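Read through the structure below, which is laid out as structure tokens, and then see the notes.
The values are calculated or read from the model by the stated rules, or taken from the named source; none is laboratory data. These numbers were taken from a predicted model, which means no experiment stands behind them. Here Cβ is always computed from backbone atoms with ideal geometry, including for glycine, and neighbour counts include all displayed protein chains.
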Amino acid sequence: MRAASPPPAAIDLEVDMRRIDAPKRESLSIGGAEIEPGFKGYIPLPIAAMLTGGETALPLHCVRGTAPGPVLAVQACVHGDEPQPVRAFGNVLEKIDAKKFRGALLMIPVANPFAFANFSRQSPDQHEQTNLWGAFPGNSKGTLTQRYAAKIREELIDNADFFAEFHSGGRAGRIQNRVDIDPRVKEAAGKKARAMAIAFASGGAGLVHGVSLSKASAPGYALSRGVPAISVEIGGSYLPEVEEALYRRCLEEGLWNLMVHLGMLAGRERRSRLTYFEASHRAEVNPSSGGYLLSRKTRFADIGGRVRKGQLLGEMLDPFTLEVTEELRSPADGVLFFSRCSGPVEVGNKGFAIATRTKKI
């Protein structure tokens, strides 16, 4: 168990939540071709020929409204074992009427097809850089992972006025429901990113997490270029349909509320009471050895709920002797923001995480 470290300088969360006066884009070019107002369609972005003999491409969906407005770029499945957003992206896309839309939405549901096909967090590249999350700004002549990053930078980030990346818990059984922002970014991009996070989290996620975003990640790179960006962590893999639907609704309604906030969709923006915490105000409960986790916190309602110091969160079962070897208890009062479903957990992996100091925003 790791105790919280001293807090950094406080972040100003008193952001202006009025609709952003976003740029009115006069033209939009994807893959060298101009996208006309009123367009809604699928544009595969070719990357390279693979060892299998097949071609790999990034799946870009584009909606350009008939009225001018900002460009919002979103992507998911940077890690191939985090498929939760795919269905939500499809549902949101289906609801959008280009004739009533302002600006443009650029959407890549599977940012790393190489890893997605292997249901793996990282690409099976024959190279040390296999995590697309840390491959930005990429290299158009590099490995497949680096080429994915370069194409995302060229077509999404370089075109974007606002950027959002979507993650979910992977095959290891992680579950979460929050929006990450980088509190170090103080200029206009940081303020707009915080307003984006509040708008998205008001759609149902409920938690906003202040944490450093690496400049080698897509949202961190976008922020370094002055593009407001957030990173969303919602849901998990292979959840029961009733639970998956709850997380999916948070994702769909959050994205819809964000587009209302940006003035891309008509309607009244939802504003909910949210919980904010920073990375320095967290405590982890991790197993001291590998084994089979018997989790007590697997429900949708558990994420964002309060826990007490000493409360039992899970137990570790030795899969060979079939004996319970360890109890995982909360080290402090706080809000549970990271949990796991029951299943195998290796030593060194995170078990549970608690925000020990929060504020309402």
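Observations on the model:
- Filtered by the rule that a residue be hydrophobic (A, V, I, L, M, F, W, C), touching a Gly at 6+ places or on another chain (Cβ under 9 Å) and either part of a helix (DSSP H, G or I) or more than 16 Å from Met264 (Cα to Cα) (or both), the stretch 91-101 gives a lone residue, Ala98.
- Search result, residues across the stretch 123-173 that are over 13 Å from the mean Cα position of the chain (by Cα) and charged (D, E, K, R): Asp125, Glu128, Lys141, Arg147, Lys151, Arg153, Glu154, Glu155, Asp158, Asp161, Arg171
- Of the strands (runs of 3 or more DSSP E) lying entirely inside the stretch 38-90, those carrying at least 1 residues that are polar (S, T, N, Q) are 55-64, 67-76.
- Only strands (runs of 3 or more DSSP E) whose full extent lies in the stretch 257-361 are considered here, and the ones with at least 2 residues that are surrounded by fewer than 17 Cβ atoms within 10 Å (Cβ to Cβ) are 324-329, 343-345.
- Matching residues in the stretch 178-223 - criterion: being over 19 Å from Gln84 (Cβ atoms), among the charged types (D, E, K, R) and touching a Leu at 6+ places or on another chain (Cβ under 7 Å): Asp182, Arg194
- Answer residue from the stretch 228-251, given it is in contact with a Lys or Arg (Cβ under 9 Å, 6 or more places away or on another chain) and in a loop (DSSP other than H, G, I, E, B) and is surrounded by the fewest Cβ atoms within 10 Å (Cβ to Cβ) among those: Tyr238
- Of the residues screened, Ala189 is not one that is within 23 Å of Glu252 (Cα to Cα), of a type in the set (A, V, I, L, M), touching a helix residue (DSSP H, G or I) at 6+ places or on another chain (Cβ under 8 Å) and touching a residue at least 40 places away in the same chain (Cβ under 8 Å).
- Some residue of the stretch 202-221 being assigned by TED's automatic domain parsing to the domain that holds Pro124, among the aromatic types (Phe, Trp, Tyr), part of a strand (DSSP E or B) and closer than 21 Å to Ile108 by Cα: no
- Scanning the stretch 132-152 for residues that are farther than 12 Å from Leu106 by Cβ and in contact with a helix residue (DSSP H, G or I) (Cβ under 7 Å, 6 or more places away or on another chain) yields Leu132, Ala135, Phe136, Pro137, Gly138, Asn139, Ser140, Leu144, Thr145, Tyr148, Ala149.
- Filtered by the rule that a residue be in contact with a Lys or Arg (Cβ under 9 Å, 6 or more places away or on another chain) and either part of a helix (DSSP H, G or I) or in contact (Cβ under 8 Å) with a residue 60 or more places away in the chain (or both), the stretch 114-132 gives a lone residue, Ala115.
- Residue that is assigned by TED's automatic domain parsing to the domain that holds Glu233, closer than 23 Å to Gly41 by Cα and assigned to a loop (DSSP other than H, G, I, E, B), where the choices are Ala164, Ala149, Ala111, Ala104: Ala111
- Per-region count, the stretch 38-76, residues without any contact (Cβ under 8 Å) to a residue 60 or more places away in the chain, of a type outside the set (A, V, I, L, M), in contact with a strand residue (DSSP E or B) (Cβ under 8 Å, 6 or more places away or on another chain) and surrounded by 14 or more Cβ atoms within 10 Å (Cβ to Cβ): 7
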